[in-house]
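S.K.: Sharing a structure below in structure tokens format, with a few things to ask.
The values are calculated or read from the model by the stated rules, or taken from the named source; none is laboratory data. Not measured: the values here are computed from a predicted model. Please note: Cβ atoms are built from the backbone with ideal geometry, for glycine as well, and neighbour counts cover all protein chains shown. Remember, those area values only see protein heavy atoms, side chains included, never the ligands or the DNA or RNA. Shrake-Rupley method; radii C 1.70, N 1.55, O 1.52, S 1.80 Å.
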Amino acid sequence: DMIGSPAGFSRTVTDGVKDFVSLPYNGIWHGPWGFLVGLSQGSSSLVKHVSAGTLTSITNFASSMSRNLDRLSFDNEHLLRNEEVRRLKPQGIGEGLINGLSGVGISMLGAIG
């Protein structure tokens, strides 16, 4: 996880490239419209897979850095509090954003005070 899971990234991108090639190829057997639909779906899949792989890799790297920096703080109370927060999984994107932003705010206040 320290370098962001390159195997997971390559697997995800490979799936996108497979779709980018196979969907237009399969669509060509259904005529020009099928080819265009396949090209559109393949392109969309490629962008989706590259984006997901990139974001997952960046997230894994940031999480690993965060854990290592927490350990380097040598503050056991801080370490335990952050591990408890990490175990709580958000129930949606809104809750995830709120948890992330509040965590940044609390960390900044802790650094100042």
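S.K.: Taking all protein chains in place and a 1.4 Å probe, what share, in percent, of the accessible surface of the chain do carbon and sulfur account for?
M.R.: The value for the chain is 68 percent carbon and sulfur by accessible area.
S.K.: By how many nm would the segment from I28 to L88 lengthen if fully extended, with 0.36 nm per residue of separation less the alpha-carbon distance? Could the numbers behind the result be given before it?
M.R.: Values: separation 60, 0.36 × 60 = 21.60 nm, distance 4.74 nm.
Full-extension gain reported as 16.9 nm.
S.K.: Any idea of the accessible area per residue across the range 1-50, 1.4 Å probe, to the nearest Å²?
M.R.: 70
S.K.: For K48 and V17, calculate 0.36 nm times their separation in residues minus their Cα-Cα distance, and state this gained length in nm to one decimal.
M.R.: 10.1 nm
S.K.: Gain in length, L36 to F61, computed as 0.36 nm per residue apart minus the alpha-carbon separation, to one decimal in nm?
M.R.: Residue separation times 0.36 nm, minus the Cα-Cα distance, leaves 5.3 nm.
S.K.: Of the labelled options (i) 1.29; (ii) 1.24; (iii) 1.55, which one gives Cα Rg over 2.2 N^0.38 Å as computed for this structure?
M.R.: (iii)
S.K.: Which angle between 0 and 90 degrees, to the nearest 10, do you get for helix 93-112 versus the longest principal axis of the chain when only C-alpha atoms count?
M.R.: Tilt relative to the chain: about 40 degrees.
S.K.: Across the range 62-74, in residue order, what do the Karplus-derived ³J(HN,Hα) couplings come to in whole Hz, using 6.51 cos²θ - 1.76 cosθ + 1.60 with θ = phi - 60° and x for Gly and Pro?
M.R.: 5, 5, 5, 4, 4, 5, 5, 5, 4, 5, 6, 6, 6
S.K.: Estimate the FRET efficiency between L69 and S102 by the formula 1/(1 + (r/R0)^6), using the beta-carbon distance for r and 25 Å for R0, to the nearest 0.05.
M.R.: According to the calculation, E is roughly 0.85.
S.K.: Apply the Karplus curve 6.51 cos²θ - 1.76 cosθ + 1.60, θ = phi - 60°, to the phi angles in the range 55-60 and return the couplings in whole Hz, x for Gly and Pro.
M.R.: With the stated coefficients, the range 55-60 comes to 5, 5, 5, 5, 5, 4 Hz.
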